[in-house]
Amino acid sequence: MRIVVPAGGIGGARFLRGLKAVLEAGADPAGEEPAITVIGNTGDDITLFGLRICPDLDTVMYTLGGGINEEQGWGRADESFTLKEELAAYGMQPTWFGLGDRDAATHIVRAQMMAAGYPLSAVTEALCDRWRPGVRLLPMTDDRVETHVVVDDGDGGRRAIHFQEWWIRHRAALPAREIIGVGADRSSPAPGVLEAIAEADVVLLPPSNPVVSIGSVLGVPGIREALERSTVVGVSPIIGDAPVRGMADACLKAIGVETGAQAVAEHYGPRLLDGWLVDKADEGAAVEGVEVRSMPLYMSDPESTAAIARAALDLAMELKGRTR
Ligand code: FO1
């Protein structure tokens, strides 16, 4: 059973932990050695203090590798911030980014390998040699793609700021007039991405941010088209009229999509989606050409998360059977 999961940060990582639990429980319908390939969003990446920081790749790697700060959902457990304090003491900007000491080692390894000419995919593989996440973690592209957010500049004009500044410093409270994947149109899928999608039995879209996480992965030319040829089941990141976590509503508003389980499925579209899991609160959701099923979607603990992953996998296998 080969499963491909395009993923962002916290929601995607937790969903993957549940999916791993389902497959490790031997509940694998096809009976083969299960293999999960994650296509990680790199649009959140930022260069700070000479370091290349890849929040969504690191969140997946730490969460599945056992090093994540569980309460925050990002960064390392048992973290300290001495480096951050020392940089601030020198007046270095920015001070709003929570750069942890343990986390910094990851970024130093990455910066050193990239400076030596290794592509991000090779760096990610090397970092995963330590963390052993139990999935194959591929960046969506080895090219530089960064999500920037266009906001009002207060003088009647507009300016673009890096997604991380908008997300962390401004808590996504500045109305986003536009969200741009800088470099996306010139990027190409990282080595192995299109092959993994072509060989996948099913593709699962976790409840990651549909705009800046899943949307960024779909924005790499060639990836959406490849996914459309597979059997895809998504899990709604919106329950009722609010995101389960994070600030997906602020992102959806920026692209003119209503914050709703049905609206997000319509945004992904029936060419991409074969199935869509919604929470009981959204039971009435109906999308032309998409098989909608409802179940409790709060990933409140490992058991409920595994149940969601199980339901998504079962629906995908059911729909795959139909389209064969
Ligand atoms: N999120 C915050 O809200 N505050 C932070 O200071 C912060 C630092 C940070 C450092 C490394 C990293 O991998 C993630 C970090 N995040 C922080 C989370 C990050 O902004 C988001 O998780 C993703 O970019 C969106 O999924």
Residue by residue through the range 174-184, the couplings from Karplus 6.51 cos²θ - 1.76 cosθ + 1.60 with θ = phi - 60°, in Hz, x for Gly and Pro, are 6, x, 8, 7, 7, 10, 10, x, 5, x, 4
Helix 120-131: inclination vs the chain longest Cα principal axis, degrees, rounded to 10, gives 80 degrees
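Sorted by packing (mean other beta-carbon atoms within 10 Å per residue), highest first, where do 271-277, 237-243 land? Write down the numbers at each step before the final one.
Working: 271-277: 23.1, 237-243: 19.4.
With the highest mean Cβ count within 10 Å placed first, the list reads 271-277, 237-243.
Where nothing but the Cβ of Lys and Arg (+1) and of Asp and Glu (-1) is charged, how large is the charge dipole of the range 55-193 around its Cα centre, in debye to the nearest 20? Don't skip to the answer; put the middle values down first.
On the way: 14 positive and 21 negative charges, 44 e Å.
It comes to approximately 200 debye.
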Here the range 275-281 yields Karplus 3J(HN,Hα) values (6.51, -1.76, 1.60; θ = phi - 60°; whole Hz; Gly and Pro given as x) of x, 8, 9, 10, 6, 3, 5
With every protein chain kept in place and a 1.4 Å probe, the range 61-135 has an accessible area per residue in Å² of 54 Å²
Heavy-atom accessible area of the chain with neighbours in place, 1.4 angstrom probe: carbon+sulfur share in percent works out to 50 percent
In nm, the gap between the two label points placed 7 Å beyond Cα toward Cβ at Ser80 and Trp96 is 2.8 nm
For the range 200-209, in residue order, the Karplus 3J(HN,Hα) values (coefficients 6.51, -1.76, 1.60; θ = phi - 60°; whole Hz; Gly and Pro = x) are 5, 6, 9, 10, 10, 9, x, x, 7, 4
Expected sort for 106-118, 132-144, 86-98 on mean C-beta neighbours within 10 Å, highest first, is 132-144, 106-118, 86-98
Under 5 Å from the placed amide H of Val38, counting only residues 5+ away or on other chains, we find Val5, Arg136, Leu137, Leu138
With the 8 Å Cα cutoff and a minimum separation of six or more residues, the chain has a relative contact order in percent of 19 percent
Expressed in µm² per second, the diffusion coefficient of the chain from the Stokes-Einstein equation, with Rh the Kirkwood radius over alpha carbon pairs, at 20 °C and 1.002 mPa s, is 108 µm²/s
Under a 1.4 Å probe, counting only protein heavy atoms, Ile180 has an accessible area in Å², nearest 10, of 60 Å²
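Using a 1.4 angstrom probe with every protein chain in place, what is the largest-first accessible-area order of Glu195, Glu125?
Values: Glu195 100, Glu125 125 Å².
Result, largest first: Glu125, Glu195.
So for Lys20, Lys84, what's the accessible-area order with a 1.4 Å probe, most first?
Lys84, Lys20
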Given backbone amide H placed at 1.01 Å from N, residues whose amide H is under 5 Å from that of Arg52, ignoring those fewer than 5 places away on the same chain, are Ala111
Any GluC sites (Glu not before Pro) in the range 243-324 that lie in a DSSP loop and have at most 11 other Cβ atoms within 10 Å would be Glu288
Of all DSSP beta bridges with both partners in the range 29-153, the antiparallel percent, nearest 5, is 50 percent
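The values are calculated or read from the model by the stated rules, or taken from the named source; none is laboratory data. As the structure is a prediction and not an experimental result, all values here were calculated from the model. Positions of Cβ are backbone-derived with ideal geometry, glycine not excepted, and every protein chain shown enters the neighbour counts. With ligands, DNA and RNA removed, areas are computed over all heavy atoms of the protein, side chains included. Shrake-Rupley method; radii C 1.70, N 1.55, O 1.52, S 1.80 Å.
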